[in-house]
């Protein structure tokens, strides 16, 4: 997996990764850990949750990653590393690199629009994080469903957008155009 994509995944899922590490290390937080795992399962992460449960039980061998796709493996590795060395945990307050946002979002939108359920879950989590960030990111997050559903009219998508949000949306549309031509 490319380092850029890996970093994007870590940034997008930083809050989840940090919560798993925090909750799994405390007996007092087991109810929160279970709630987090159940929520992740409901969002389609059953295989990842199974791996996380093994990691939380103390499993540390590479076999814990069997059956995980590349994206799930990035998350599981970050959790395992965070348990071993908390200084490696991603910063849940870090904003995604705007230069990489358009290609990354377009790739996820394209995959979700073509039936990739895992991509739909991931882009959903990314949109939640973007909503929490507020401002331009929240506006773009609000347009993701339309993009997944096939909206490609820049006037409709950019209505009410700031110049920065409009530039990002236009870049996403450009990237989606490249993906559609392949």
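The values are calculated or read from the model by the stated rules, or taken from the named source; none is laboratory data. Source: prediction; values computed, not measured. Backbone-built Cβ (ideal geometry, glycine too); neighbour counts: all protein chains shown.
Computed quantities for the displayed model
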{"quantity": "Residue match in the range 99-107 (condition: part of a helix (DSSP H, G or I), more than 14 Å from the chain's Cα centre (by Cα) and exposed (fewer than 14 other Cβ atoms within 10 Å of the Cβ))", "calculated": "yes"}
{"quantity": "Residue count, the range 33-49 (criterion: without any contact (Cβ under 8 Å) to a residue 12 or more places away in the chain and surrounded by 14 or more Cβ atoms within 10 Å (Cβ to Cβ))", "calculated": "1"}
{"quantity": "Selected residue (criterion: farthest from the chain's Cα centre (by Cα)) from residues of the range 108-121 that are assigned to a helix (DSSP H, G or I) and over 16 Å from residue 175 (Cβ atoms)", "calculated": "117"}
{"quantity": "Selected residue (criterion: farthest from residue 128 (Cα to Cα)) from residues of the range 61-85 that are part of a loop (DSSP other than H, G, I, E, B) and out of contact with any helix residue (DSSP H, G or I) (no Cβ under 7 Å at 6 or more places or on another chain)", "calculated": "61"}
{"quantity": "Selected residue (only one of 46, 5 is within 19 Å of residue 112 (Cβ to Cβ) and over 15 Å from the mean Cα position of the chain (by Cα))", "calculated": "46"}
{"quantity": "Residue match in the range 171-180 (condition: closer than 17 Å to residue 11 by Cα and touching a helix residue (DSSP H, G or I) at 6+ places or on another chain (Cβ under 6 Å))", "calculated": "no"}
{"quantity": "Matching residues, the range 119-145, being within 22 Å of residue 48 (Cα to Cα) and in contact with a helix residue (DSSP H, G or I) (Cβ under 7 Å, 6 or more places away or on another chain)", "calculated": "119, 120, 122, 123, 125, 126, 127, 129"}
{"quantity": "Any hit, the range 73-93, residues being under 16 Å from the mean Cα position of the chain (by Cα) and under 27 Å from residue 160 (Cβ atoms)", "calculated": "yes"}
{"quantity": "Flag for residue 124 being surrounded by fewer than 19 Cβ atoms within 10 Å (Cβ to Cβ), within 19 Å of residue 20 (Cα to Cα) and either modelled with pLDDT of 95 or more or not assigned by TED's automatic domain parsing to the domain that holds residue 33 (or both)", "calculated": "yes"}
{"quantity": "1 or more residues touching a residue at least 40 places away in the same chain (Cβ under 8 Å): qualifying helices (runs of 4 or more DSSP H) within the range 126-182", "calculated": "135-148, 163-180"}
{"quantity": "Which listed residue is under 17 Å from residue 6 (Cβ atoms) and modelled with pLDDT of 90 or more, from 82, 67, 107, 99", "calculated": "82"}
